Amino acid sequence: MSRQGSVVGVTDAAAKPPLVRALWGATHPGPTLVVTVLSLALGIAAGVEPARLAVLVVAVFAGQVSVGLSNDAIDGDRDAAVGRTDKPIAGGAITPERALAVAVASLVLAVVLSIPLGPGLLAAHAVALASAWAYNAGLKSTPFSIAPFLLSFGLFPSFATLSLPDSQLAAPWASLAGAALGAAVHLTNVVRDLDDDRRTGVRGLPHRLGARASVVLAAVGILVGAIA
């Protein structure tokens with residue numbers, strides 16, 4: 001190999017972050033950590049014993065990793081088309097195939113860890129994850145893009161109560177608050193990327209409503225979530 005080729009190879013290698021860091025960057029680290037910490041807080045508030053709480057938190061973390069990675073893996077080409085090279089997959093730090101493989105493994109781990117916490121938690125977690133993956137796989141481009149957020153966030157407060165030995169759903173007001181906040185999360189997140197999404201063929205509910213209506217509805221969702 002020529003000296004110039006060696007230098008280029010070293011430069012390219014140095015420019016790419018380590019695999020673990022690239023994978024972590026593709027999980028949507030902020031939301032992943034926020035949801036995980038919320039599961040811990042809700043578990044403590046519900047009185048879930050430490051051993052079961054630890055399993056719940058790890059299961060939720062694994063599930064969120066799977067959702068984030070699958071989102072970026074599926075959107076890799078669209079992100080690259082609009083210049084989102086800050087994202088590890090679009091920037092070439094990791095391939096979509098590898099990210100998707102880790103996403104599937106994380107999904108399996110999340111489901112397996114949910115089993116010892118009881119059939120109620122297993123069912124709720126499986127439904128929430130299926131709805132999130134469905135959003136990533138195509139629902140985001142339909143008028144029903146908000147549905148996975150209503151469902152998953154509506155179920156989330158029940159994760160802690162369903163992990164108790166006397167498994168039960170969370171109070172209706174908690175589920176309503178979760179669903180309302182989920183709607184707000186969807187609407188506010190998408191508003192920032194409306195133009196880029198339109199360029200790549202994504203037309204979910206916020207795109208059809210427009211930025212102003214989406215922001216107003218998001219504010220209503222936050223208000224309902226706070227009141228509930």
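The values are calculated or read from the model by the stated rules, or taken from the named source; none is laboratory data. From a predicted model like this one, the values you see are computed outputs, not experimental measurements. When we count neighbours, we look across all protein chains shown, and the Cβ atoms used for this are built from the backbone with ideal geometry, even at glycine. For accessibility, only protein heavy atoms count, side chains too; no ligands or nucleic acids. Shrake-Rupley method; radii C 1.70, N 1.55, O 1.52, S 1.80 Å.
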Inter-part gap, Cα centre of the stretch 106-164 to Cα centre of the stretch 50-104, in whole angstrom, is 16
What does the charge add up to near D197, with Lys and Arg as +1, Asp and Glu as -1, over the other residues with Cβ less than 13 Å from its Cβ? +3
Could you check which residue among A110, A73, A130 shows the biggest mean-square fluctuation in a GNM of the chain with a 10 Å Cα cutoff? A130
Under-5 Å amide H pairs with G118, H placed in peptide plane, nonlocal only: none
Roll a 1.4 Å probe over the protein chains and send me the accessible area per residue for the chain in Å². 51
Helix-only [θ] at 222 nm, the chain, -39500 (n - 2.57) per DSSP H run of 4+, per residue, nearest 500, equals -23500 deg cm²/dmol
Cβ under 15 Å from V65's Cβ, V65 left aside: what net charge do those residues give with Lys, Arg +1 and Asp, Glu -1? +1
Top mean-square fluctuation among L164, L150, L187, Gaussian network model of the chain, C-alpha springs under 10 Å? L164
At a probe size of 1.4 Å, how large is the accessible area of S141, to the nearest 10 Å²? 40
For the chain, with all protein chains present and a 1.4 Å probe, just round the carbon and sulfur fraction of the accessible area to a whole percent. 70
Taking θ = phi - 60°, what integer Hz values does the Karplus form 6.51 cos²θ - 1.76 cosθ + 1.60 yield along the stretch 196-201, in sequence order, with x for Gly and Pro? 4, 5, 4, 5, 10, x
Using the Kirkwood formula on the Cα atoms of the chain, what hydrodynamic radius do you get, in angstrom to one decimal? 18.7
To one decimal place, what Kirkwood hydrodynamic radius in Å is obtained for the stretch 103-185 from all pairs of distinct Cα atoms? 13.1
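What dipole magnitude, in Debye to the nearest 20, does the stretch 141-214 give about its Cα centre under +1 on Lys/Arg Cβ and -1 on Asp/Glu Cβ? Don't skip to the answer; put the middle values down first.
Details: 6 positive and 5 negative charges, 66 e Å.
So the magnitude is around 320 debye.
Which of rounded, prolate or oblate describes the stretch 102-142 when judged by the alpha-carbon gyration tensor and an a/c cut-off of 1.5?
Verdict is oblate for the stretch 102-142.
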What list of ³J(HN,Hα) values in whole Hz, one per residue of the stretch 182-191 in order, does the Karplus curve 6.51 cos²θ - 1.76 cosθ + 1.60 (θ = phi - 60°) give from phi, with Gly and Pro shown as x? x, 4, 5, 4, 4, 5, 6, 5, 6, 3
What are the ³J(HN,Hα) values, in whole Hz, obtained from phi via the Karplus relation 6.51 cos²θ - 1.76 cosθ + 1.60 with θ = phi - 60°, for each residue of the stretch 139-149 in sequence order, with x given for Gly and Pro? 4, 4, 9, 10, x, 9, 4, 7, 4, x, 6
List, largest first, the extents of the alpha carbons of the stretch 38-86 along their principal axes, each in whole Å. 47, 14, 13
